[in-house]
Amino acid sequence: MKKSLRFGAAAIAAVATLSLASCGFGGSSGDSGGEEGSTTLDLLVPSYSDGTKANWETVIDGFEKANPDIKVELEVQSWDNLEKVVSTKIQANEAPDIYNGGPFAGFVGDELLYPTKDVVSEDTYSDFQESFLKNAEVDGTAYALPLIASARALFVNNALLNQAGVEAPTDWDSLLDAATKVSALGGGVAGYGMPLGSEEAQAEAAVWLWGGGGSFGDASEITIDTPENLVGAEQIKKMIDAGATQADPGSTQRSPLMDIFIQGKIGMQVGLPPTVGQIADNNPDLDYSIVPIPTKDGSPFTLGVMDQLMAFQNDDDKKEAITKFFDYYYSPDVYVPWVQAEGFLPVTKSGAEQLSGEEALKPFLDVLPDAQFYPSTNPKWSAADGAFKSLFGQLQSKPAQDVLTEIQSQVDAG
């Protein structure tokens, strides 16, 4: 994300400017649905993979054995549903005690979250990579715990590009040329996988708008309707109009489209580190490479994403239990296997040290220094994220300027 190197799905925005009463999702200590005298923590997380639920259950089983007086109730939602679910829970005064999400500044503005230092030990806090922790701050105070980081890179089907007589592109001109020639091969093959559907439209938008010199703004202002962003948006339309993409990119979701790449039917698509494992599991014979994302002039760039864990201030009687859970989860023997199972990059110093020799991570680690991030500490980023998801796919049929203007209007309206 928000938000460094991320191997999971793209971050979904949390709902800003909502109010929360003092009672929480699971009630207070001692009457929270568990055994008498126990504390129940409610944990709401998104699904990063088919194994996400089982991976969290492994963590929870170990934690509950070490802390028999604390129970953890797990709820796993899809990224598409996550924002709506957490919004509904907050409005019903049933916020989760612990939440795995993306942007969080709106929650901070409504004083819903514990400061990070209140719910982790000093040892755990000091183990986070400083750059990731900085990305979890609002006005100099961290209110979320970095969970995982990820970066994007271009996955290239070597066989299709060779068949089309082109090489892996480095800039937009060579990308358009290569993708058009791969699409011309026929047989259901697409040159470039362009997912502009609601799952992660903001990520594909960032790849192109930022790759052309634009941005989404910063902590103080969200800027979508700018001349710099129009350059990237018009390049997307150019790709679509040239037949360089799959059919109907405006409603195509990233995850199923990547499955098609893995099947060998797409020449190039921006992907994440978990894609490496998906290829190994589903099509190990695929001849592919991972290269930097092409930009307008070939300048180095990647979209960095960092997701977070955060704790809602539902009941101060639970603060000690939350701290115990976070300290347990981020211990290297627990955290590193979870990160490996999901295919993410670690955000802790101890985790990075343990995984430093992993060759599969190298292409993503190489592009990490050039990562740019969503302006997730801006309270209006939630509105921007939602606007991209609902409107950006209209680029397929509407003028690029009109789409950017409409997104900006939705952001400004809050």
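The values are calculated or read from the model by the stated rules, or taken from the named source; none is laboratory data. Everything numeric in this text was worked out from a predicted model, so none of it was measured. Ideal geometry is used to build each Cβ from the backbone, glycine not excepted, and the neighbour counts take in all protein chains shown.
Only one residue in 275, 323, 226 is buried (at least 17 other Cβ atoms within 10 Å of the Cβ), of a type in the set (S, T, N, Q) and assigned by TED's automatic domain parsing to the domain that holds residue 157. Which one?
Going through 275, 323, 226 in turn, just one is buried (at least 17 other Cβ atoms within 10 Å of the Cβ), of a type in the set (S, T, N, Q) and assigned by TED's automatic domain parsing to the domain that holds residue 157: 275.
Would you point out which residue out of 294, 284 is within 30 Å of residue 186 (Cα to Cα), at pLDDT 95 or above and touching an Asp or Glu at 6+ places or on another chain (Cβ under 9 Å)?
None of the other options fit; the residue is 294.
Quick one: is residue 414 under 16 Å from the mean Cα position of the chain (by Cα), on the phi > 0 side of the Ramachandran plot and at pLDDT below 90?
So residue 414 does not fit the description; no.
Scan the stretch 290-320 for residues that are among the small types (Gly, Ala, Ser) and buried (at least 24 other Cβ atoms within 10 Å of the Cβ) and jot them down.
Passing the criteria: 304, 311.
Only one of 404, 368, 395 is among the hydrophobic types (A, V, I, L, M, F, W, C), within 30 Å of residue 197 (Cβ to Cβ), surrounded by fewer than 23 Cβ atoms within 10 Å (Cβ to Cβ) and not assigned by TED's automatic domain parsing to the domain that holds residue 51. Can you tell me which?
Exactly one of 404, 368, 395 is among the hydrophobic types (A, V, I, L, M, F, W, C), within 30 Å of residue 197 (Cβ to Cβ), surrounded by fewer than 23 Cβ atoms within 10 Å (Cβ to Cβ) and not assigned by TED's automatic domain parsing to the domain that holds residue 51, namely 368.
Identify, by number, the condition in (1) over 22 Å from the mean Cα position of the chain (by Cα); (2) at pLDDT 95 or above that residue 315 doesn't meet.
(2)
Search the stretch 70-79 for residues being under 21 Å from residue 343 (Cα atoms) and either surrounded by fewer than 18 Cβ atoms within 10 Å (Cβ to Cβ) or modelled with pLDDT of 95 or more (or both), and hand back the single one that is nearest to the chain's Cα centre (by Cα).
78
Could you look through the stretch 260-297, keep only residues that are touching a Phe, Trp or Tyr at 6+ places or on another chain (Cβ under 7 Å) and in a loop (DSSP other than H, G, I, E, B), and pick out the one that is nearest to residue 235 (Cα to Cα)?
It comes out as 296.
Give me the residue from the stretch 47-69 that is touching a Lys or Arg at 6+ places or on another chain (Cβ under 8 Å) and outside any helix (DSSP H, G or I) and, out of that set, surrounded by the most Cβ atoms within 10 Å (Cβ to Cβ).
Across the stretch 47-69, the extreme among qualifying residues is 47.
Of all the helices (runs of 4 or more DSSP H) wholly in the stretch 127-202, which have at least 1 residues that are farther than 30 Å from residue 346 by Cβ?
Ranges flagged: 158-164, 172-183.
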